[in-house]
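All remarks here apply to the structure that follows.
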Amino acid sequence: MREPTNRVKLPFRVSSYRLSLVVTLTLASVLLVGRAESYLVDRTRQVMTDLSAPLLELASRPVAAVRNFIASTDEYAYVFEENARLRAENEELKAWRQQALSLERRVARFEALLDVTVEPTIQYATGKIIGDSGGPFVHAFIVNVPQDAGVEAGQAVVDDEGLIGRVVSTGATASRVLLLTDLNSRVPVRVEPGGYRAIAVGDNSRFPKIEFLPPEARLSPGDQIVTSGHGGLMPPDLPVGIVVMASDGSPRLQTNSEFDRTSAVRLLQYDFPTRVAADSDEEAASEDVADDAKPTPALPNSEPAANDQIVERAGEPGAAAGTDSANASDATPATPAREADE
């Protein structure tokens, strides 16, 4: 009885296997057809691109021509504008040149009139910044210029833009430079065009203070700041920076030099002109010595020999040492002595 039952179920299993096979073949066919279709689509797209490329190139030529024409028009307009600006700047520079030449001739006449001795050229030693010995509270550089190069403490240090600081110590191989922004920096400056003298005081910020200004000083942003030369350590008229105003209205110094970009510096070997005073003192001292060495001139109507004889006759030794004693002996004791001889 069981065998007929098994014979009935066998075709069902075979049909399920066939169904799965059909499904698998169908999916494979779909995948193959999709891949083939993708290839056909890509190929068709490439053919269309190749056919339309010349047409697109022809269509883009007028657009490119119009674009180039607009760009050239803008460039021509910019050239005309730049040419006008340069002409105006050239005229302004010509006016400044004439003014500078006039001032130069004027200064030359004043120097010739006053017989002014022009300051000799300042010697300098050039070096590179090899280290930064600063920090949050110290702003300083290390320069590879030794003491043997003529470097001394207090000398000014400049770069191609202006003053950056001064030498504070020297060694056998390097020197230490204190920057203008350091808390211990104090530099005498002058604010132009007013000519106000002041002190640039560092406070470890980017913009040092400008203190000790006269009460009548009126500063404006952009005023030039140069060294005043007071104190004898730094030469005058070294460019330092310009005036800027802080948020509280106090004047500050914006240095010309950007310390972060500075790599090469010059250490100025400036000698304060004290030889004039020294030479005048030596000449005065030599004149005093020469005056003391000169013999005292005799009075026009005096007779030293006769006075000496009169003193000896009067019996007053030592009175002949001075003219006043001789005259005194001639006035009083001369008459009794002569009467005794008679």
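The values are calculated or read from the model by the stated rules, or taken from the named source; none is laboratory data. Note that this is a predicted model, so its numbers are computed, not measured. Methodologically, a virtual Cβ is constructed for each residue, glycine included, from the backbone with ideal geometry; neighbour enumeration extends over all protein chains shown. Each accessible area value is taken on the protein alone, full model and side chains, heavy atoms only, with ligands, DNA and RNA left out. Shrake-Rupley method; radii C 1.70, N 1.55, O 1.52, S 1.80 Å.
Charged neighbours of Ala156, selected by a Cβ distance under 10 Å, balance to +2 (K, R count +1; D, E count -1). I need the shape label for region 222-267. Rule: rounded when a/c is under 1.5, else prolate if a/b > b/c, else oblate, with a, b, c from the alpha carbon gyration tensor. Here region 222-267 falls in the oblate category.
Across region 153-202, Cα pairs under 8 Å and at least six residues apart give a relative contact order of 24 percent. Over all other residues within a Cβ to Cβ distance under 13 Å of Leu219, the charged ones net out to +1, with Lys and Arg as +1 and Asp and Glu as -1. Glu82 sits among other residues whose Cβ lies under 14 Å from its own Cβ, and their net charge, with Lys and Arg +1 and Asp and Glu -1, is -2. Between Ile164 and Val157, Val158, Asp159, the built amide H atoms are under 5 Å apart, and every one of these is 5 or more places off in sequence or on another chain. Accessible area per residue (1.4 Å probe, heavy atoms of protein chains only) ranks Glu161, Glu111 as Glu161, Glu111, with the largest value leading.
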